[in-house]
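Peer 1: Submitted below is the structure of interest, expressed as structure tokens.
The values are calculated or read from the model by the stated rules, or taken from the named source; none is laboratory data. Values in this document were obtained by computation on a predicted structure and should not be read as measured data. Counting neighbours? That spans all protein chains shown, and the Cβs are built from the backbone with ideal geometry, glycine included.
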Amino acid sequence: MTNRKATLTVDGESPIELPILKGTRGQDVIDISSLGSQGYFTYDPGFSATAACQSDITYIDGAKGVLLHRGYPIEQLAEKSDYLETCYLLLEGQLPNAQQKTEFETTIKYHTMVNRSIEQFISGFRHDAHPMAMMCGVVGAMSSFYHDSLDITNQQHRTISAHRLIAKIPTIAAMCHKHFNGQPYMYPDNSLSYSENFLHMMFGTPCERYKIKPAVAKAVDRLFILHADHEQNASTSTVRLAGSSGANPFSCIAAGIAALWGPAHGGANEAVLVMLNEIGHEDNIAEYIAKAKDKNDPFRLMGFGHRVYKNYDPRATVMRESCNEVLEVLGLENDPLFRLAKKLEKIALEDEYFVSRKLYPNVDFYSGIILKALGIPVEMFTVIFAVGRTVGWISQWNEMITNPYRIGRPRQLYTGADTRDYVPVDKRQ
Ligand code: CMC
């Protein structure tokens with residue numbers, strides 16, 4: 001809170017004073033929460049100018065390309081930390097000491113297996129069900145398996161649910177992949193690191209162990225770090241909104257997964273690959289760039305642009321490095337699809353339309369390429385985003401539940417029919 005106030009005058013009536021709130025960093029925020037009782041709503045479709053909550057977790061400065069988790073720059077976490085340590089940071093507010101780190105890793109490993117009935121649940125899906133459809137269903141169904149951690153007012157229950165979600169989501173994701181592929185499910189191997197274990201469950205089979213390349217495991221771990229949290233984006237806001245009604249954490253995360261699926265959000269990494277395949281050849285890039293610029297054509301260049309980052313996406317800078325490393329380690333630099341992606345990136349970075357609108361490649365552009373290079377099917381791309389983002393969702397949910405909150409209930413500007421009398425069916429035209 002500051003002593004500064006904003007004043008709103010409507011049609012010359014007495015001014016309404018609105019407090020101005022100050023955060024640790026970032027824009028000052030005009031507190032309009034008293035306006036409702038004074039007869040006004042504000043109008044902000046897409047919430048471009050609305051802070052819906054206070055949060056201590058993540059800070060983004062879109063103009064400067066800054067992303068901090070609990071104060072730590074994403075570049076430092078991506079270079080020096082690992083995913084589970086970042087999870088601890090997001091959940092607990094500080095980096096763990098050596099003992100806390102070991103204990104947390106052990107706890108997560110202890111929870112990696114899922115109830116046998118979850119296997120049967122997944123087996124019930126059609127063989128070609130989209131893995132995101134399965135994820136929404138199975139994560140929502142977790143609330144029917146873990147009754148012992150559903151009391152949202154109990155701190156121990158909230159903690160166990162958070163640990164279960166972080167530990168079991170990779171297992172469920174890999175099982176969805178196996179179901180989609182028609183292969184047997186692989187059980188977790190708790191001697192492996194989080195990302196190694198994920199690769200083992202994704203690509204191993206009961207007859208052959210998957211040989212994990214350290215560079216590949218590192219790239220996956222980094223990918224999880226870069227997706228761990230991103231402030232009040234569409235899926236996180238969905239988790240908070242669902243949670244504000246008192247719903248249990250598993251159902252809230254399932255709601256977040258549903259919101260993530262769309263191509264304007266987490267579905268963009270899948271959409272990038274679909275688009276690259278559609279472009280097909282470097283010679284066709286100009287045609288697709290023209291389509292992206294054409295206001296009468298709904299086509300957009302997937303993996304370009306961001307609602308918040310209008311300078312560059314700091315996650316994309318790190319992911320770009322990882323992307324180049326992975327392509328080199330796997331000897332794929334000259335693969336036609338990846339050469340096409342590189343050429344598209346170059347052209348878009350130089351084109352006036354994209355430069356003037358600050359449409360830079362975002363994190364999904366490079367993550368899509370990395371995942372494709374790792375041999376992960378495109379249908380799984382958004383699932384992998386969801387695996388990394390689970391800790392952000394549950395941290396934000398937990399923050400909301402442990403602070404005073406009200407059910408989220410936006411209002412509207414009604415533009416429909418005015419009051420009219422019911423007309424019997426035989427009198428209607
Ligand atoms: N290709 C072509 N033109 C674009 C694109 C694009 N990818 N993105 C924005 N524009 C144009 C848009 O047509 C508009 O032009 P004009 O000013 O002439 O009308 C201008 O740029 C501003 O666009 P906007 O729609 O107001 O921007 P927004 O903030 O509402 O949308 C976005 C952000 C990410 C939804 C959008 O850039 C987009 O659809 N990008 C492609 C999908 C994508 O890669 N999404 C992943 C986002 S990063 C992952 C995450 O955090 O979820």
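Peer 1: Being closer than 19 Å to LYS109 by Cα, among the small types (Gly, Ala, Ser) and touching a residue at least 12 places away in the same chain (Cβ under 8 Å) is the filter here, so list the residues in region 187-232 that pass it.
Peer 2: Passing the criteria: SER193, SER195, GLY204, ALA217, ALA228.
Peer 1: Okay, next question. Residues in region 299-315: is at least one buried (at least 21 other Cβ atoms within 10 Å of the Cβ), part of a helix (DSSP H, G or I), modelled with pLDDT of 90 or more and under 16 Å from the mean Cα position of the chain (by Cα)?
Peer 2: Within region 299-315, one or more residues are buried (at least 21 other Cβ atoms within 10 Å of the Cβ), part of a helix (DSSP H, G or I), modelled with pLDDT of 90 or more and under 16 Å from the mean Cα position of the chain (by Cα).
Peer 1: Follow-up. If I go through region 333-388 residue by residue, how many of them are in a helix (DSSP H, G or I), within 10 Å of the ligand (Cβ to nearest atom) and more than 21 Å from VAL216 (Cβ to Cβ)?
Peer 2: Final tally of qualifying residues: 4.
Peer 1: Shifting gears a bit: Which residue, of ALA286, ALA254, ALA290, ALA217, is surrounded by 19 or more Cβ atoms within 10 Å (Cβ to Cβ) and more than 20 Å from the chain's Cα centre (by Cα)?
Peer 2: ALA217
Peer 1: Test of understanding: among GLU231, GLU270, which residue is within 13 Å of the ligand (Cβ to nearest atom) and modelled with pLDDT of 95 or more?
Peer 2: Result: GLU231 is the single residue among GLU231, GLU270 that is within 13 Å of the ligand (Cβ to nearest atom) and modelled with pLDDT of 95 or more.
Peer 1: Further, regarding this structure: Picking from ASN398, ASN403, which residue would you name as being surrounded by fewer than 24 Cβ atoms within 10 Å (Cβ to Cβ) and closer than 24 Å to SER195 by Cβ?
Peer 2: After applying the criteria, what remains is ASN398.
Peer 1: Here is a further query. Kindly indicate the residue of region 131-170 that is touching a His at 6+ places or on another chain (Cβ under 6 Å) and within 25 Å of TYR405 (Cβ to Cβ) and also surrounded by the most Cβ atoms within 10 Å (Cβ to Cβ) among those meeting that condition.
Peer 2: SER149
Peer 1: Of the residues in region 172-199, how many are under 23 Å from the mean Cα position of the chain (by Cα) and over 20 Å from MET134 (Cβ atoms)?
Peer 2: Number of matching residues: 4.
Peer 1: Checking the condition more than 10 Å from the ligand (Cβ to nearest atom) and outside any loop (DSSP other than H, G, I, E, B), which residue from ILE289, ILE285 passes?
Peer 2: None of the other options fit; the residue is ILE285.
Peer 1: Still on this structure: Take residues that are touching a Leu at 6+ places or on another chain (Cβ under 7 Å) and farther than 30 Å from ASN403 by Cα and tell me which of the helices (runs of 4 or more DSSP H) falling wholly in region 186-254 contain 1 or more.
Peer 2: Those helices (runs of 4 or more DSSP H) span 194-203, 214-226.
Peer 1: Can you spot a residue in region 41-49 that is closer than 30 Å to PHE180 by Cβ and aromatic (Phe, Trp, Tyr)?
Peer 2: No; the residues of region 41-49 include none that is closer than 30 Å to PHE180 by Cβ and aromatic (Phe, Trp, Tyr).
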